[in-house]
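Data first, discussion second: the structure below is written as structure tokens.
The values are calculated or read from the model by the stated rules, or taken from the named source; none is laboratory data. Since this is a predicted model, take the numbers as computed values, not measurements. For neighbour counting, all protein chains shown are included, and Cβ atoms are generated from backbone atoms with ideal geometry for every residue, glycine included. Accessible surface areas use protein heavy atoms only, side chains included; no ligands, DNA or RNA. Shrake-Rupley method; radii C 1.70, N 1.55, O 1.52, S 1.80 Å.
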Amino acid sequence: MDDDPREAIERATRAQLIARLRFGVLAVAASGLLLLSLPNILRHWTWYEPAWVQMCAFALLAGLLSVEAVLVARGRLWPVAWRWPAVAVVLLCSALSYAALPYGHAALAGDWIFGEATWVGLVILLSQPLRVHLGFLGAHWSVALVNVLLSSDGDRAMLLRFATGSIGVIGYPMCMAIAAAAFRNIAASAAAAKWETERISVAEAAAVESHRRRQQRLADLDHSTIPLLEGLSSGRLDPLDRQVRRACAIESARMRRLFAEVDIAQNQLLHELRHCADVADRKGVLVELDARGQCPDLPLPVRRDLTEAPLTMLATAASWARVTVIGTPDLVSVSVVADCGQVDLPPPEVPGVRLDTFRNEEKLWVEVRWRADP
């Protein structure tokens with residue numbers, strides 16, 4: 001299922017805001033792992049029982065930081081399918097390291113995992129809510145506390161050392177988690193503002209396009225319909241004149257087509273022809289409309305050329321008319337047979353549209369074809 005556009009915008013905005021924060025946290029975690037944790041492991045190598053367990057934990061944390069480096073370079077967040085297994089690996093490293101730590105050495109220099117695991121976990125969970133960070137820090141701190149209680153006599157000095165170390169070990173990553181949470185809120189607000197801006201831009205663009213189309217329709221009316229109406233209102237044209245009535249019928253069909261052009265239909269050409277045929281039907285003309293095949297999406301100028309001659313014939317037909325529309329991906333044909341007598345048909349204006357006419361007394365057959373460019 002596609003992502004919601006608003007959620008996608010918020011996710012992208014959040015990724016941009018925390019990109020530098022991710023780089024900084026990654027640098028702190030990697031520096032701590034290489035410059036502090038590794039020397040501690042090597043310095044106290046003889047403490048561990050066995051020592052290779054500590055190196056396994058070190059290697060796993062280094063691998064997680066390497067994955068984060070690749071994700072940061074690509075500008076991506078941790079995928080959900082990877083995130084929680086990665087957090088489980090961090091907690092597993094913590095448990096393994098404490099399992100190999102000898103009795104009585106908790107909260108001492110050899111206990112490198114206590115400070116490093118918090119930063120690696122922060123790296124993985126940086127884009128998550130604050131409660132997730134608190135849950136991870138609490139779980140890691142609990143593992144360390146259990147180790148302190150089980151691997152020492154629980155004397156006051158040991159507990160004070162652990163408590164003092166917890167302030168920095170938990171406090172600094174928590175501050176970064178709070179900053180990341182603040183960035184999440186900022187990202188949500190920024191995404192909402194961006195979404196609203198895009199919505200307004202789309203609405204403005206739609207309004208401009210609608211205004212342009214209205215102006216175009218008015219220009220089309222200025223060309224033929226308005227002069228006819230002015231002639232009728234001034235008395236220069238006689239409504240009883242046969243040619244005037246035919247001109248009115250043609251302009252009526254054009255206006256119906258003009259209104260149909262703004263509709264949304266599966267077959268726009270056929271939809272416009274039906275509106276043109278409706279003018280003839282209202283005059284009592286028997287109209288047969290047959291459609292075969294599927295017409296492709298045609299530009300407006302092409303549709304107008306394909307319907308101009310048919311609407312003229314439909315508007316001037318005396319008693320009957322038959323319209324046949326044949327559509328293929330690269331060819332559209334509109335043919336009309338009607339008893340409309342002598343009528344002037346405008347030639348097509350778009351290249352690729354051809355008009356053929358055959359007359360037989362009062363019967364007129366016309367075919368308008370459009371063929372796609374090869």
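Taking the stretch 240-262 as the range and being open to solvent by less than 50 Å² (accessible area, probe 1.4 Å) and of a type in the set (Val, Ile, Thr) as the test, the residues that pass are Val244, Ile250. When each of Asp278, Asp305 is tested for being touching a strand residue (DSSP E or B) at 6+ places or on another chain (Cβ under 6 Å) and surrounded by 15 or more Cβ atoms within 10 Å (Cβ to Cβ), the lone residue that passes is Asp305. For the stretch 329-358, the tally of residues that are at pLDDT below 90 and over 23 Å from Glu251 (Cα atoms) stands at 5. In this structure, Glu349 qualifies as acidic (Asp, Glu) and open to solvent by 60 Å² or more (accessible area, probe 1.4 Å). Considering the conditions (1) more than 18 Å from Asn147 (Cα to Cα); (2) surrounded by fewer than 16 Cβ atoms within 10 Å (Cβ to Cβ), Ala51 is excluded by exactly one of them, (1). Go through the residues of the stretch 266-273 one by one and say whether even a single one is under 23 Å from Ile226 (Cβ atoms), open to solvent by less than 60 Å² (accessible area, probe 1.4 Å) and among the polar types (S, T, N, Q). Checked the stretch 266-273: no residue is under 23 Å from Ile226 (Cβ atoms), open to solvent by less than 60 Å² (accessible area, probe 1.4 Å) and among the polar types (S, T, N, Q). Summed over the stretch 329-346, residues that are open to solvent by 40 Å² or more (accessible area, probe 1.4 Å) and farther than 20 Å from Leu300 by Cβ total 2. Specify the residue that is nearest to Leu126 (Cα to Cα); the eligible residues are those in the stretch 54-72 that are buried (at least 17 other Cβ atoms within 10 Å of the Cβ) and not hydrophobic (A, V, I, L, M, F, W, C). Taking the candidates together, the pick is Glu68.
From the list Val89, Val67, Val120, the one residue that fits, being under 21 Å from Val148 (Cβ atoms), in a helix (DSSP H, G or I) and within 36 Å of the chain's Cα centre (by Cα), is Val120.
Give me the pairs, please: first residue somewhere in the stretch 19-33 and within 19 Å of Gly75 (Cβ to Cβ) and modelled with pLDDT under 85, second residue anywhere and assigned to a helix (DSSP H, G or I) and among the aromatic types (Phe, Trp, Tyr), beta-carbon distance under 7 Å, and either six or more positions apart or on two chains. As it stands, the answer is Leu21/Phe183, since those pairs meet every condition given. Can you confirm whether the stretch 3-18 contains a residue that is open to solvent by 50 Å² or more (accessible area, probe 1.4 Å), at pLDDT below 85 and more than 31 Å from the chain's Cα centre (by Cα)? No, because not a single residue in the stretch 3-18 is open to solvent by 50 Å² or more (accessible area, probe 1.4 Å), at pLDDT below 85 and more than 31 Å from the chain's Cα centre (by Cα). The set of residues in the stretch 220-239 that are open to solvent by 50 Å² or more (accessible area, probe 1.4 Å), assigned to a helix (DSSP H, G or I) and either modelled with pLDDT under 70 or in contact with a helix residue (DSSP H, G or I) (Cβ under 7 Å, 6 or more places away or on another chain) (or both) comprises Asp222, His223.
Scanning the stretch 279-325 for residues that are in contact (Cβ under 8 Å) with a residue 40 or more places away in the chain, of a type in the set (A, V, I, L, M), under 24 Å from Cys248 (Cα atoms) and out of contact with any Phe, Trp or Tyr (no Cβ under 7 Å at 6 or more places or on another chain) returns Ala280, Ala309, Leu311, Met313, Leu314, Ala315, Ala318, Ala321, Val323. Checked against (1) at pLDDT 80 or above; (2) in contact with an Asp or Glu (Cβ under 8 Å, 6 or more places away or on another chain), His105 meets all criteria but (1).
Conditions tested, residue by residue: (1) surrounded by fewer than 18 Cβ atoms within 10 Å (Cβ to Cβ); (2) in contact (Cβ under 8 Å) with a residue 24 or more places away in the chain; (3) not hydroxyl-bearing (Ser, Thr, Tyr).
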site	(1), (2), (3)
Arg131	yes, no, yes
Ala139	yes, yes, yes
Ser142	yes, no, no
Leu149	yes, no, yes
Arg161	yes, yes, yes
Gly171	yes, no, yes
Ala179	yes, yes, yes
Asn185	yes, no, yes
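Just to verify a result, which residue in the stretch 73-102, among those that are at pLDDT 90 or above and of a type in the set (Val, Ile, Thr), is surrounded by the most Cβ atoms within 10 Å (Cβ to Cβ)? Filtering first and then ranking leaves Val90.
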